[in-house]
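Engineer: Handing you a structure now.
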Amino acid sequence: MSARAVSTHVATSADAATVTTIITAAFESDPVWSWAFPDPVHRKRQMAVWWRFVIDAALRAPWVWLTEGDEAAAVWIPPGATELSDDEEARAAELLAELVGGWSNTVIRGLERFSAAHPHDEPHYYLSLLGTHPSHRGGGFGMGLLAANLARIDAEHAAAYLESSNPANNARYERAGFVRRGEFSVVDGGPVVTTMWRDARSLHVGDAHSA
């Protein structure tokens, strides 16, 4: 896989605000997440609250990553881990209701379609979020970060899974070795999500990037 070599580091709780800023900016115009938070006036604030909640939960595992200059962030859920605990699942519903009112019921139904599509037949790393701050978009930081993460995953001979919420990114993920597995709409007639899988493989010399 040809991608920009980037230096990376594992994010900690001290980086939560930085990761939140990157992901919020990266997903503000995303087809699925702009559907979930439809008010353009309040979307950025609402997303910042939502993503901070999701990122704080993910930081339990050492698989939230940043590029060295904070240009891009990746949020992974490693094999055997859960994205949200049972208590956090309940809090998520409450939080969405606080943020978007009655629309939250529709958003929750959309999120349930993510869960229904998620594979459970093989242990894997789950790429929950990958985003580049718009001020650095086009510089190869997001794909470089992904390449560095995948090199580590390959070293463990592990598989990887993601949902692409923006069709514009599908080809990029395919170049990284992911294969389209299926797709679903978050609501009937709504934005389409593509599910993508990358089989476990061995790390080849020259594939790893600095970390």
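Derivation of every value follows stated rules applied to the coordinates shown; laboratory data play no part. Just so it is clear, the model here is predicted, and its values are computed rather than measured. Every residue, glycine among them, receives a Cβ derived from its backbone with ideal geometry; neighbour counts consider all protein chains shown.
Engineer: Could you list the residues of the range 43-62 with an amide nitrogen less than 16 Å from a label point located 7 Å from the Cα of W103 in the Cα-to-C-beta direction?
Structural biologist: Zone members listed by number: 43-51.
Engineer: Starting at 0 and stepping by 5 Å, how many percent of the alpha carbon pairs of the range 1-43 end up in each bin?
Structural biologist: 5, 17, 18, 17, 16, 15, 9, 3
Engineer: When the label point is put 7 Å from the Cα of E174 along its Cα-to-beta-carbon vector, which residues of the range 1-38 have a backbone N closer than 17 Å?
Structural biologist: 1-2
Engineer: Can you pull the Kirkwood radius for the range 85-182, inverse mean 1/r over Cα pairs, to one decimal in Å?
Structural biologist: That comes to 15.8 Å for the range 85-182.
Engineer: Right, next: What FRET efficiency do you get for A116 and R201 if R0 is 30 Å and r is their Cβ-Cβ distance, rounded to the nearest 0.05?
Structural biologist: Numbers: r = 27 Å, r/R0 = 0.91.
The formula returns an efficiency of 0.65 here.
Engineer: Further question: Could you pull out every whole DSSP H run in the chain that spans at least 18 Å of Cα extent along its own axis and averages 1.0 or higher on the Kyte-Doolittle scale?
Structural biologist: Those that clear 18 Å and a mean of 1.0 are 141-155.
Engineer: Mind giving me the FRET efficiency for E89 and S7? R0 is 45 Å, r the Cβ-Cβ distance, nearest 0.05 is fine. If you can, show how the numbers build up before the last one.
Structural biologist: On the way: r = 35 Å, r/R0 = 0.78.
My answer for the efficiency is 0.80.
Engineer: Do the sum for the chain: with -39,500 (n - 2.57) for every DSSP H run of n ≥ 4, divided by all residues, what is the mean residue ellipticity at 222 nm, to the nearest 500 deg cm²/dmol?
Structural biologist: Computed ellipticity for the chain at 222 nm equals -12500 deg cm²/dmol.
Engineer: While we're looking at this one, here's another question. Kindly put I108, I77 in sequence by how many other C-beta atoms sit within 10 Å of each C-beta, fewest to most.
Structural biologist: I108, I77
Engineer: Of E88, E94, how do they rank once you tally other Cβ atoms within 10 Å and put the fewest first?
Structural biologist: Values: E88 15, E94 10.
Placing the least packed residue first, the sequence is E94, E88.
Engineer: Taking Cα extents along the principal axes in Å as the quantity of interest, determine which of (i) 71, 31, 23; (ii) 61, 58, 32; (iii) 52, 35, 32 was computed from the displayed structure.
Structural biologist: Computed from the coordinates, Cα extents along the principal axes in Å corresponds to (iii).
Engineer: OK, next. Just to be sure I understand the model, the point goes 7 Å from the Cα along the line to the Cβ. What's the resulting E68 to S135 distance in nm?
Structural biologist: Once both label points are built, they end up 1.9 nm from each other.
Engineer: In whole percent, what relative contact order does the chain give with Cα contacts below 8 Å and a gap of six or more residues?
Structural biologist: 27 percent
Engineer: Next up: Could you please rank V179, V192, V186, placing first whichever residue has the fewest other Cβ atoms within 10 Å of its Cβ?
Structural biologist: In increasing order of surrounding Cβ atoms, one gets V179, V192, V186.
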